[in-house]
Amino acid sequence: MSSHTPTYIPSPNWDIPADSDMVVLGRLIKDPKNPQSKILKSSDDPIPPPKIYEGEKTDWQTTLEQVRSGSIGLWAKCLQFIEGQLSFSQLKSSMEEHKFATLETRYFLPDEDYLAQALEDTGVQAYLQVHNWRKPVYIITGIKIARGASISTESNVERSAQAGLKVDATSVGVPVEMGPEASWESKKKRGISYGGSTDYIFAYQLTSMKPKKKGKEFSNKSYVKGAVFGKGEKDGDMEVKVKDAFDIEEVDLGFPDTCSQVDLTDIDVR
């Protein structure tokens, strides 16, 4: 059974070598999105973990799918009789399929004494002082290494827009609504795949540490923002879906007497 609480964050790229001397257990970093963001002037050799746990899965594979959708409706009143409506929608989707001959996991469980000692690093103390003890630092507590990898990815972006101009002349005795309509749509698709790779760091696990003033005390917790993989993935197929869907309802812009032009390039649905 797979873990219900993901703790491992996918690496920002698939080029961090498995034997990297930057992304190692115990390393303190400043950016949780970049495991190579070593704190300036901090020790090159992290404090050795008290005990390292290791695991290995063979013939491991996973599929990650992400879908984002959004729509915007704009409504403008023009003069007395004419109203214009513009709607814009966008759909983004991406899919990654990873297959590894072996997925190797190495992690440790730092206690309060270990974390306190790690924060005493001269470079780390200088970094915290520069930021007035307000920024957290992160310690790498787990690493997943992909060996014998093959990957395929696909991304799609679909955009569409509709514009309509409506004339309501009921106030002058013509009870009809009419007007021209226009629409357009575009699609973009991209994919890559490869059947072999050198071994690389596939994902990493972090603990966040936020010291109080002068670093005498600190709070710590697992950092899981953006995490996808858990500690106990099963062998064979596994599918992880991330869906971030949102809708923006139609908005009355309240133009008083004249129409305002709307440029589609100014509308961005993220």
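Pick from region 203-232 the residues that are of a type in the set (A, V, I, L, M, F, W, C) and out of contact with any Ser or Thr (no Cβ under 7 Å at 6 or more places or on another chain): which of them is modelled with the lowest pLDDT? Among those that are of a type in the set (A, V, I, L, M, F, W, C) and out of contact with any Ser or Thr (no Cβ under 7 Å at 6 or more places or on another chain), it is Phe229.
Quick grid of which residues meet (1) out of contact with any Ser or Thr (no Cβ under 8 Å at 6 or more places or on another chain); (2) under 20 Å from His98 (Cβ atoms); (3) modelled with pLDDT of 65 or more:
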{"site": "Ala161", "(1), (2), (3)": "no, no, yes"}
{"site": "Leu165", "(1), (2), (3)": "yes, no, no"}
{"site": "Asp168", "(1), (2), (3)": "yes, no, no"}
{"site": "Ser171", "(1), (2), (3)": "yes, no, no"}
{"site": "Gly179", "(1), (2), (3)": "yes, no, no"}
{"site": "Ser183", "(1), (2), (3)": "no, no, yes"}
{"site": "Ile192", "(1), (2), (3)": "no, yes, yes"}
{"site": "Thr198", "(1), (2), (3)": "yes, yes, yes"}
{"site": "Ile201", "(1), (2), (3)": "no, yes, yes"}
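The values are calculated or read from the model by the stated rules, or taken from the named source; none is laboratory data. Since we're looking at a predicted model, the values are computed, not measured. In this analysis, Cβ positions are derived from the backbone assuming ideal geometry, glycine residues included, and neighbour counts consider all displayed protein chains.
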